[in-house]
Amino acid sequence: MKISLITSTFNSASTVRDTLESVKTQTYPDVEYIVIDGGSSDDTLKVLADYEDLIDLLVSEPDDGIYDALNKGIKLSTGDVVGFIHSDDLLTSSSVLSDIAHCFENEATDAIYADLDYVDRTNPDKIVRKWRSKPFDRANFHKGWMPAHPTFYLRRKHYMEFGLY
């Protein structure tokens with residue numbers, strides 16, 4: 001099963017290297033890594049160039065914000081499952097994508113999501129805020145509760161069937 005992992009960037013030179021390093025450490029072998037850059041004017045593209053062997057597809061052009069960038073990534077993706085890691089996010093361990101793939105081995109699983117820890121930029125071991133997920137409840141969803149999208153992985157076919165952000 002291929003996992004398409006999408007990062008949107010815009011003037012992210014100060015943070016994206018850590019993101020790329022966390023993706024680089026992943027042990028799961030079948031990952032398509034897509035970076036959608038909004039036309040950065042800082043050194044983001046230089047940092048991304050250092051990881052050309054990691055990045056399968058890089059698009060750099062003006063966009064209409066993060067959701068436009070994520071939608072571009074979804075449309076370009078070819079994986080069975082799509083997830084996001086933003087340009088200032090980190091995957092917590094080298095087994096994150098393996099763990100996600102394991103969840104999707106069950107054909108009845110269409111989506112998964114998890115807790116999210118916000119960490120201090122200068123000390124990733126220091127958690128400054130915890131977002132805790134809860135079991136999915138359609139009523140809460142209709143009231144506006146959403147899973148944190150950096151922890152949300154969905155079978156690509158559902159984006160194609162039901163639409164994008």
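The values are calculated or read from the model by the stated rules, or taken from the named source; none is laboratory data. Computed from a prediction, not measured in an experiment: that's the story for all the values here. As a convention, Cβ positions derive from the backbone with ideal geometry for all residues, glycine included, and neighbour counts pool all protein chains shown. Note: accessible area is taken over every heavy atom of the protein model, side chains too, but ligands, DNA and RNA are not part of it. Shrake-Rupley method; radii C 1.70, N 1.55, O 1.52, S 1.80 Å.
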Whichever residue in the range 125-153 is open to solvent by less than 70 Å² (accessible area, probe 1.4 Å), of a type in the set (A, V, I, L, M, F, W, C) and touching a strand residue (DSSP E or B) at 6+ places or on another chain (Cβ under 8 Å) and, among such residues, is farthest from residue 79 (Cα to Cα): 131
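Can you confirm whether residue 79 is part of a loop (DSSP other than H, G, I, E, B), closer than 15 Å to residue 34 by Cβ, in contact with a strand residue (DSSP E or B) (Cβ under 9 Å, 6 or more places away or on another chain) and among the small types (Gly, Ala, Ser)?
Working: part of a loop (DSSP other than H, G, I, E, B): yes; closer than 15 Å to residue 34 by Cβ: yes; in contact with a strand residue (DSSP E or B) (Cβ under 9 Å, 6 or more places away or on another chain): yes; among the small types (Gly, Ala, Ser): yes.
Answer is yes for this residue.
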Every pair of residues 6+ apart whose Cβ atoms lie under 7 Å, when the first sits in the range 109-122 and is farther than 18 Å from residue 152 by Cα while the second is in a strand (DSSP E or B): 119/126; 119/127; 119/128; 120/126; 120/128
Out of (1) under 16 Å from the mean Cα position of the chain (by Cα); (2) assigned to a loop (DSSP other than H, G, I, E, B), the odd one out for residue 63 is which? (1)
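Working carefully through the options 12, 41, find the one that is within 23 Å of residue 121 (Cα to Cα), surrounded by fewer than 19 Cβ atoms within 10 Å (Cβ to Cβ) and not charged (D, E, K, R). Working first, answer last.
Details: 12 fails: surrounded by fewer than 19 Cβ atoms within 10 Å (Cβ to Cβ).
Criteria check complete, one pass: 41.
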Filter the range 108-124 for residues that are within 20 Å of the chain's Cα centre (by Cα) and in a strand (DSSP E or B); which is surrounded by the fewest Cβ atoms within 10 Å (Cβ to Cβ)? 120
Checked pairs for the range 1-18, first within 15 Å of residue 71 (Cβ to Cβ), second among the aromatic types (Phe, Trp, Tyr) and outside any strand (DSSP E or B), C-beta under 9 Å and 6 or more apart or across chains, list as 8/67
